[in-house]
Amino acid sequence: MAIISVSALRGARFPLFINNPHPFPQFPIPSRRSSKLNFRSKGFTPFARYAQSQQDLFSSRLQDGIENLPKLVEDIVQTSINTGPRGALRLAQGIQAFLGVGGEWLADASKSTNSSAGLPTQMQLGLLSPQYLRRLFERMGATYIKLGQFIASAPTLFPAEYVQEFQNCFDRAPSVPFQEIQAILREELGRPIDSVYEYVDPTPVASASIAQVHAARLKGSQDDVVIKVLKPGIKDILVADLNFVYIVARILEFLNPELSRASLVGIVKDIRESMLEEVDFYKEAANIEAFRSYLEAMGLTRQATAPKVYQHCSTQRILTMERLYGVPLTDLDSISSLVSSPETSLITALNVWFGSLLACETFHADVHAGNLWLLRDGRIGFLDFGIVGRISPKTWTAMEVFLASIATEEYESMASALIEMGATNKDVDVMAFAKDLEKIFSSIQDLDTELIVATARDRTTNATAVSANVVVDERQMNALFLDVIRVSESYGLKFPREFALLMKQLLYFDRYTRLLAPNLNMLQDQRISIVSNRGSRYKNSFR
């Protein structure tokens, strides 16, 4: 009789029968003298045991489901109560957005079906394809734009195609009428606006999905400030949307317990906590103050700064900050007019940021050009602390080894560092992993970069201004990072989200390096400190 190997797959799927020429196990034919089947026969035992184990598994899951059902119902009811009538409005808006993007898909699909190539594979997914899902998120507004940005910064949690597409999920929104901003200011301040501010510019400096910023001047001190104002009703929208996402996650985990192993509800809770922190300006104020305290403690206030927070006119919904004057780190012409060595300014920015990773409770996790400036007085200005990250000493120690190994091209050390960072319950072949990483990083030299130079002439002074910018194929950079994630996951590694946040900031700094200091090796230059034991050596890097 052939040997039968029975393997139960996850999700209670059908068993696999290996090395068996028959579709089912062969049972002994009972003797005619016997009126009973021999249930103790060797041929019947494996199947019987398997059937019994499946019955036990089903019974266990059914029992768990019955026990968890009241909790699920309680969660849904409580969450619905917390959401209130806003949920019905958001549902209507969601349907409108769905119909709008659905119409776009139908129009594009009709064009494709008329061509000889037929409907592309991605379009066959309908609105679940990365491109159309990103469009839907943008139409749905603040919550889903932020969720899209979370997807873009979490390649360890989401498929590469979606991470890549959601890099293009832009946070842009029309400004709220100034009358509504004035109403919020009066409500939050609890007194007339002109008793606090000398004036408030009705034209916003910037407007995003969650907040908009207005320039102002304080009464009395005459300090120039900016006021970040939470848009009306935005927190209610966030709560309603995130509660809906939470309910969906809870139902999915209830219907498929396997998803609980992937911590689907846990991921949704993390997203919820992260987003709600962005609409609590007390939290952002605390992040700024922590960074300013770090600069003071390390004696770096002459090299870098963050805007001072004016506590007496800041609340959960408005944040009044010192107005900093400067230019983004991508404005080469203006930077050259402010400092003699742009490279030195970049090194200062790198050292301050690297130092904050462990010396500060949180680190700035969004250092794009709009948030990292060279100020008129030559200092580096860090702006907008709405998005911050937290990193454990253990993760950063492994990250340092990872960065050093990139510079020295020691791929075995790189593999060991990634294994240290990634959670896994199985042994990893370090040498094989290192070889795969070497193949990926050998492509760095092939990244396309382009230096774009623009000139402009002032009609009154006849002076010519020159500006330059480095354009890196961002899709290539993201693809490189995603390759590292993909290969790591093939070895069973799962990284914390902080790893993705750190890598994203390093890609920003790489872009600044290509523009301001093309001959600088960010990971090998002795003037840049990326070690844990900073102390005096860290301070010496600024002397």
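The values are calculated or read from the model by the stated rules, or taken from the named source; none is laboratory data. In this text the structure is predicted, and so the values were computed from the model without any measurement. Here Cβ is always computed from backbone atoms with ideal geometry, including for glycine, and neighbour counts include all displayed protein chains. In case anyone asks, the SASA skips ligands and DNA or RNA and just uses the protein heavy atoms, side chains included. Shrake-Rupley method; radii C 1.70, N 1.55, O 1.52, S 1.80 Å.
Before moving on, here are some points about what is shown:
- Linear extension gain, Glu361 paired with Gln179, 0.36 nm per residue minus alpha-carbon span: 61.7 nm
- Net charge contributed by nearby residues that have their C-beta within less than 13 Å of Val484 (K/R +1, D/E -1): -1
- Above-threshold pairs, the threshold being 30 Å between Cα atoms, out of Lys435/Lys504; Lys146/Lys439; Lys235/Lys504: Lys146/Lys439
- Distance between the modelled labels on Ser442 and Asp223, one decimal in nanometres: 5.7 nm (7 Å Cα→Cβ projection).
- Ranked packing of 135-145, 174-184, most packed first, by mean Cβ within 10 Å: 135-145, 174-184
- Trp396 contributes an accessible area of around 0 Å² to the protein surface, as traced by a 1.4 Å probe with all chains present.
- Estimated FRET transfer efficiency (Ser340, Glu104; beta-carbon r; R0 45 Å; 0.05): 0.30
- Each Cα pair under 8 Å and six or more residues apart adds its separation to the average, and for the range 335-412 the resulting relative contact order is 27 percent.
- For the range 218-349, alpha-carbon Rg relative to the globular expectation (2.2 N^0.38 Å, N residues): 1.49
- Positive contributions from Lys and Arg (+1) and negative ones from Asp and Glu (-1), summed over other residues with Cβ under 13 Å from the Cβ of Ala434, come out at -4.
- Model label sites at Val430 and Glu187, defined 7 Å from Cα along the beta-carbon direction, differ in position by 5.9 nm.
- Protection proxy ranking of 300-309, 386-395 - average other beta-carbon atoms within 10 Å, highest first: 300-309, 386-395
- Leu99 sits among other residues whose Cβ lies under 13 Å from its own Cβ, and their net charge, with Lys and Arg +1 and Asp and Glu -1, is +1.
- Here the gap between Asp194 and Asp236, fully extended at 0.36 nm per residue and compared with their Cα-Cα distance, gives a gain of 12.3 nm.
- Peptides 340-346, 192-198 ranked from most to least packed give 340-346, 192-198, packing being the mean of other C-beta atoms within 10 angstrom over each peptide's residues.
- Structure note, pairs Lys231/Lys269; Lys283/Lys394; Lys269/Lys308; Lys308/Lys494: Cα-Cα distances above 29 angstrom occur for Lys269/Lys308; Lys308/Lys494.
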